[in-house]
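J.: Shown below is the structure under consideration.
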Amino acid sequence: MSLNTKQIEKISKALGDANRLRILQHIAKKGGCGFCSEIQEESTLAQPSVSHHLKVLIEAGLIDAEKEGRNQKYTLNDAVLKEYTSAVTLLKFV
C-alpha cells in the first residue's frame, strides 16, 4: 500500500486538529480500540462534535469503525499510520 498525495493531504488535515489528536491518543492508550461513549466521557466535547471528529478520522483512513452490539467500536488503522509516517519521514526540508 502506498499513499498518494491526496491521501497524505487528507490525513495531514485530519491530524491538524487537537481534538482529533486527543481522540487518536485515547484510542491508542486503550490498546488500539475504543468506544464512542468512552471517547465522549474523556473529552469536553458534545456528542455531535465527537461524532464529527470520528467521521473525519474514518474518512482519512486513520481509524476503522465497527458496530459491536449497540456500541460503535473504533480501531486504529496501523497500516495507514505506518504508511503516513513513512511518507512524511521521506520529505526533505532544505
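J.: At a Förster distance of 22 Å, what's the computed FRET efficiency of N4 paired with A65, Cβ-Cβ distance as r, to 0.05? The partial results should precede the final answer.
T.: Details: r = 23 Å, r/R0 = 1.04.
After rounding to 0.05, the efficiency reads 0.45.
J.: If you take all C-alpha pairs in the stretch 45-84, what percent of them are over 16 Å apart? Before the final figure, lay out the partial values.
T.: Values: 310 of 780 pairs.
So the pairs more than 16 Å apart make up 40 percent of the total in the stretch 45-84.
J.: Counting only trypsin sites (Lys or Arg not before Pro) that are in a DSSP loop and have at most 14 other C-beta atoms within 10 Å, tell me the longest site-free stretch of the chain. Walk me through the numbers before you get to the answer.
T.: Working: sites that count: R70, K92.
It works out to 1-69.
J.: Restricting to lysines 8 or more places apart or on different chains, can you count the pairs in the chain with Cα atoms under 17 Å from each other?
T.: The result is 9.
J.: I'd like the Kirkwood hydrodynamic radius of the chain, using the inverse of the mean 1/r over distinct C-alpha pairs, in Å. If you can, show how the numbers build up before the last one.
T.: Numbers: mean 1/r = 0.0726 Å⁻¹.
Every distinct Cα pair counted, the radius reaches 13.8 Å.
Computed from the coordinates by the stated procedures, all read-outs in this text should not be read as laboratory data. What you see is a predicted model, and the numbers here were worked out from it, not measured in a lab. Every residue, glycine among them, receives a Cβ derived from its backbone with ideal geometry; neighbour counts consider all protein chains shown.
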